[in-house]
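**Q** Questions regarding the structure given below will be posed in turn.
Every number in this text was worked out from the coordinates using simple rules, so none of it is lab data. Since the model is a prediction, treat every value here as computed from it, not as a measurement. Neighbour counts run over all protein chains shown; Cβ positions are idealised from the backbone, glycine included.
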Amino acid sequence: MDQFTLNLLVIGASFALYFGIAFWARAGSTAEFYAAGQGVPPVMNGMATAADWMSAASFISMAGLIAFGGYNNSVFLMGWTGGYVLLALLLAPYLRKFGKFTVPEFVGDRFYSTSARMVAVICLIVISVTYVIGQMVGVGVTFARFLEVSTTTGLLIGSAVVFAYAVFGGMKGITYTQVAQYVVLIIAYTIPAIFISLNLTGNFLPQLGLIGGYAPQGGEVSFLAKLDQVVTDLGFTAYTANTTNMLNMFLVTMSLMIGTAGLPHVIVRFFTVPKVSDARSSAGWALVFIALLYTVAPAVGSMARLNITTTFWPGAVAGETFSAPALSIAEIDSNPELAWIRNWEKTGLLAFSDKNGDGLIQYFNEPKALADAGKALAAAQKALTDAAADADKAPLEAAIVEATAARDAALAEATLGGKTLAEQGIVGNELTTVNNDIMVLANPEIAKLPGWVIALVAAGGLAAALSTAAGLLLAISSAISHDLIKGALRPDISEKGELLAARISMAFAIALATWLGLNPPGFAAQVVALAFGLAAATIFPVLMMGIGLAAATIFPVLMMGIFSTRVTKEGAIAGMIVGLIATSVYIFMYLGWFFIPGTNWLPNTPDAHWLGISPAGFGPVGALLNFAVAYVVSMMTKEPPRDVQELIQSIRVPKGAGKAVAH
Amino acid sequence: MADKTSSNAYWAANVRIIIISMIVWFACSFGLGILLRPALSGISVGGADLGFWFAQNGAIYVFLVLIFVYARVMNKVDKDHGVEE
């Protein structure tokens, strides 16, 4: 059986499972549609939350980000887990006690104002739509990759699958489907990790392998020291090195933490458990299941990186990096164990070119002077080819001679393994593309695992993308049907009518998300067209914006609503608006309006950033602005009425939490 | 609100526990993982230093323990103040 058939079988079986569950758990009432009837046991809710939370980006891209970013990208590991502490301590139990269905509903009741509720609806929709674009693009490329169809077809299949179970199942269907999706994705992630860890460190647990000894050299050298040595030999920054600015690392981590705690689709998960005490422990269970992937991710990333590097420099395995020549093209084509290189080359996630024609692929990090000189030379050559037939070619040819001289000077300057590149006849790095996503996608093949493991990774990637998209779409549709229609436009709508409205909103949200996934804003579109891969670079700025906005709007307003009795409706509204606008403007200023290239006011470089704060780290600043504005405005306005004060007192104590009321 | 004083005392106790937990939350991630990493670079953990390990793995374990301890402690505090469900 070939790999494609195997992929189809495993993916098909997983879909059949999801549809079966969704049919069994379909929603019959609004309480079931919005909050699964508050009957989800905490452990199961934790599992569903984990699947909801871990997207295609977590599953496919994160290990690669960590592999190449090393210590600096630990921000994702700490940031995307630390938020659950904030949820358990500061938000989840009180919101569960409140006992309604949506985040804007809490904002509306606590701040005794339909306007506040509508501002929260706007924030929620901006956050969730931003976030869902990344997921839909992820769904499209994941389907495309594994089903061998175009990205557009992939996206349409993905939308149809989500449609089939989310519209009918609501929160109840989505929750139980997510439990199954979690099981699929975690098995798919850990099996290759365990095998690789055994190979490289002799340790069964990847978490221990990360800090274990390097097995091919008898465990004398630690794995991390080996990795650091091999990558620095090739001119890369050491994996464990700290090269980022501390303020930014701090702020990005903080943004990810409070943003996670402020993401509406994560918060509503805690409305589904039976009791307040369950909301606390459910956050713990969610983190247990998330941690199973997140503590393995650095091991997957670092080990895959060492594997790829030593594949291209075979001498590095048992001894020195340069004790044997680089990998030859003849070897790639003749050794069946290296067939994955050609396979992944087809997808564009991996690319190499034998620039100096020696039949070997020399992989190293070009020093900046050489990289710049190489680019200048390529530009000069392109100018000559593009020149009109009757143009004066002499200055163009002179430019090429000059650029060649500059490059040769750089080659004479740069060294690899103690000798200059010029001496060794190397003209540049020949492994020209190594996409982050390779670290997870090609992992089973690199580790020589059987075909069904590869198919499982495919099903796992799809499970991660689908489960997150479904959760987000539910958050969007309940904001429309429950907050906008029932809460403001048609308060007298019947339960049956609202359930229908919820389903129509869900269908509408899926259509919108699909359209945005097919026509993503700005540069995301271009990069997706270029690279077949999930391309972390396309999705991350958009995801980071969603997180930053959640950090600057929803988290502060919820926290103030619970911990302060003095914050007024005027304060809350002003705070949310300031947080939303300040954060969006700061991000767009550097990344372009709606991420359209060329529309940015300032270059996205550390020197141009305000106080050195990167756009990804602005969330906490937006949150501080939100808190400050809300405080000042609240002090200037009349304190909240008595019944609101009593509401706050009542959500602070667990006693008396009942089923949510469909008022 | 049957008993205002007891629910105020309950809330004060809760806020105190939250503050202590937040200090632990901050210390294991921002503290050990980021701010104190240079100062603690002498302590090695399997091929790297303590700060590196906390940033990539350790902080997550502390978060886990922290949430379950908080949930347990609060269940007891709920009972002590008679506000459990």
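**Q** Pop a pseudo-label 7 angstrom from the Cα along the beta-carbon direction at both A:Val149 and A:Thr637 and give the gap in nm to one decimal.
**A** In this crude spin-label approximation the distance works out to 4.9 nm.
**Q** Projecting each Cα onto the charge dipole of chain A (Lys/Arg +1, Asp/Glu -1 at the beta carbon, about the Cα centre), which of A:Ala412, A:Leu499, A:Ser328 comes out farthest on the positive side?
**A** Result: A:Leu499, furthest along the dipole toward the positive end.
**Q** Decide, for region A:1-71, between rounded, prolate and oblate: order the square roots of the alpha carbon gyration tensor eigenvalues as a ≥ b ≥ c, take rounded if a/c falls under 1.5, and otherwise choose prolate if a/b is larger than b/c, else oblate.
**A** Values: a/c = 3.51, a/b = 1.33, b/c = 2.64.
Oblate, since a/c reaches 1.5 and b/c is not below a/b.
**Q** Here is a follow-up. Expressed as an acute angle from 0 to 90° and rounded to the nearest 10, what is the orientation of the C-alpha long axis of helix B:59-80 relative to the principal long axis of chain B?
**A** That works out to roughly 10 degrees.
**Q** Can you compute the charge dipole magnitude of the protein assembly as shown about its Cα centre, using +1 on each Lys and Arg Cβ and -1 on each Asp and Glu Cβ, nothing else charged? Give it in debye, rounded to the nearest 20.
**A** Using Cβ point charges on Lys, Arg, Asp and Glu, the protein assembly as shown gives about 2880 debye.
**Q** Relative to the longest principal axis of chain A, what angle (0 to 90°, nearest 10) does the C-alpha long axis of helix A:42-53 take?
**A** On a 0 to 90 degree scale, this one is about 50.
**Q** Still on this structure: If the chain between A:Asp2 and A:Thr232 were fully stretched, how many nm would it gain, using 0.36 nm times the residue separation less the Cα-Cα distance?
**A** Full extension of this stretch gives 78.9 nm more.
**Q** If you fit an axis through the alpha-carbon atoms of helix A:74-86 and take the longest principal axis of the Cα set of chain A, what angle between them do you get, 0 to 90°, nearest 10?
**A** Result, in degrees: 10.
**Q** Along the charge dipole of chain B, Cβ charges K/R +1 and D/E -1, which of B:Gln56, B:Ser44, B:Phe26 sits furthest on the positive end?
**A** B:Ser44
**Q** In addition: Quick check: Cα centre of region B:35-55 to Cα centre of region A:141-205, how many Å?
**A** 34 Å
**Q** Could I ask something else about it? What length, rounded to one decimal in nm, is gained on full extension from A:Lys382 through to A:Ala241, with 0.36 nm per residue of separation minus their alpha-carbon distance?
**A** Here the answer is 47.0 nm.
**Q** Once label points are set 7 Å from the Cα along Cα→Cβ at both A:Ala371 and A:Leu489, what is their separation, rounded to one decimal in nm?
**A** 5.0 nm
**Q** Still on this structure: Let me know the shape class of region A:298-378, please: from the alpha-carbon gyration tensor, a ≥ b ≥ c as square roots of the eigenvalues, rounded when a/c is under 1.5, otherwise prolate if a/b is greater than b/c, or oblate.
**A** Here region A:298-378 falls in the rounded category.
**Q** Rank A:Ala608, A:Ala261, A:Phe143 by how far each Cα sits towards the positive end of the charge dipole of the protein assembly as shown (+1 on Lys, Arg Cβ; -1 on Asp, Glu Cβ) and give me just the farthest.
**A** A:Ala261
**Q** A further question on this structure: Tell me, what ³J(HN,Hα) does each residue in region A:503-519 have, in order and in whole Hz, if you take phi through Karplus 6.51 cos²θ - 1.76 cosθ + 1.60 with θ = phi - 60° and put x for Gly and Pro?
**A** 5, 5, 4, 4, 4, 5, 4, 5, 4, 4, 4, 5, 4, 5, x, 7, 10
**Q** Below 8 Å between Cα atoms, with a sequence gap of 6+, how large is the relative contact order for region A:366-428 in percent?
**A** Relative CO of region A:366-428 lands at 37 percent.
**Q** Which of rounded, prolate, oblate describes region A:83-213, given a ≥ b ≥ c as roots of the alpha-carbon gyration tensor eigenvalues and a/c under 1.5 marking rounded, otherwise prolate only if a/b is larger than b/c? Let's see the in-between values first.
**A** On the way: a/c = 2.56, a/b = 1.46, b/c = 1.75.
Oblate is the answer for region A:83-213, as a/c is 1.5 or above yet b/c matches or exceeds a/b.
**Q** Once the Cβ-Cβ distance between A:Asn199 and A:Lys496 is put in as r, and R0 is 56 Å, what FRET efficiency do you end up with, to the nearest 0.05?
**A** FRET efficiency, A:Asn199 to A:Lys496: 0.45.
**Q** Per the helix-only calculation at 222 nm, which mean residue ellipticity applies to the protein assembly as shown, given -39500 (n - 2.57) for every DSSP H run of n ≥ 4 and division by its residues, nearest 500 deg cm²/dmol?
**A** The per-residue figure over the protein assembly as shown is -21000 deg cm²/dmol.
**Q** Relative contact order, percent, of chain A when contacts are C-alpha pairs under 8 Å separated by at least 6 residues?
**A** 27 percent
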